[in-house]
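Chemist: My questions all concern the structure below.
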Amino acid sequence: MIKHIVLFQLAEVAEGKTKKENTQFIKTELEKLINVIPQLKKIEVGLNHREAPQNNYDIALYCEFNSLDDLNIYQEHPAHKEVSEYVGKIKTSRVAVDYEV
């Protein structure tokens, strides 16, 4: 099993939306992928708690795949690319890790 974890920091305002609006939009769009990409076995999208430190990342993405090949299919899927392109316009920072268990 491959676990894919990504953290994003977002701009305060981007693409005509506030950070709060963008975090909720991204959460909704990412969670829809479970119904579109069969290789995606599990997805969780967490938003930084409003009382947590402001220098934390804004969004945490956790996904599970059966294999690295499945992760690569997910990353190249048009539905994922659409969300990813939007995130690319509004993020200020991204970190990720993929590991096998």
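Bear in mind these aren't lab numbers, they're just calculated from the coordinates by the rules spelled out. Please read these numbers as outputs of a predicted model, since none were measured by experiment.
Chemist: Identify all lysines with a Cα-Cα distance to LYS41 below 19 Å; exclude those on the same chain that are fewer than 8 residues away in sequence.
Modeler: LYS3, LYS27, LYS32, LYS81
Chemist: Oh, and also: Please give the calculated 222 nm ellipticity per residue for the chain, where each DSSP H segment of at least 4 residues contributes -39500 (n - 2.57) and the sum is spread over every residue; nearest 500 deg cm²/dmol?
Modeler: -11000 deg cm²/dmol
Chemist: Among (i) 5.8; (ii) 5.0; (iii) 6.2, which one is mean projected area of the Cα convex hull in nm² computed from these coordinates?
Modeler: (iii)
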